[in-house]
């Protein structure tokens with residue numbers, strides 16, 4: 001999945017996708033161990049998509065944290 005597609009999703013959607021992908025990665029690991037895995041490239045795709053989602057979540061959280069002190073500073077300056 002491309003990063004542009006992930007950026008359009010809400011934090012709740014990203015969380016749900018992350019949970020599903022972690023489960024899929026778990027299942028793929030077992031399939032690989034037992035020799036049942038046919039699409040070996042899927043392991044890499046899932047792992048990279050998980051990393052992309054976590055990166056986006058981290059960026060959004062960091063942006064929110066930086067925005068909150070600025071909003072508080074504006075309230076104090078306007079209220080005095």
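Every number in this text was worked out from the coordinates using simple rules, so none of it is lab data. Since the structure is predicted, the reported quantities are computational estimates derived from the model, not experimental observations. With ideal geometry, Cβ positions are generated from the backbone for all residues, glycine too; neighbour counts draw on all protein chains shown.
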**Q.** Calculated [θ] (222 nm, deg cm²/dmol) that DSSP helices of n ≥ 4 give over the chain, each run adding -39,500 (n - 2.57)
**A.** -30000 deg cm²/dmol
**Q.** Percent RCO, i.e. relative contact order, over the chain, from Cα pairs under 8 Å lying at least 6 residues apart
**A.** 36 percent
(Q) What does the C-alpha gyration tensor say about the overall shape of segment 15-61? Classify as rounded when a/c is under 1.5, otherwise prolate if a/b is larger than b/c, or oblate. (A) prolate
Q. With each pseudo-label sitting 7 Å past Cα toward Cβ, what's the residue 44-residue 9 distance in nm, one decimal?
A. 2.1 nm
Q.
Could you sort the peptides 29-39, 5-15, 45-55 by per-residue average Cβ neighbour count (10 Å cutoff), highest mean leading?
A. 45-55, 5-15, 29-39
Q) Can you work out the base-10 log of I(q)/I(0) for the chain at q = 0.11, 0.20, 0.25 1/Å, using the Debye formula on its C-alpha atoms alone? A) -0.44, -0.89, -1.10
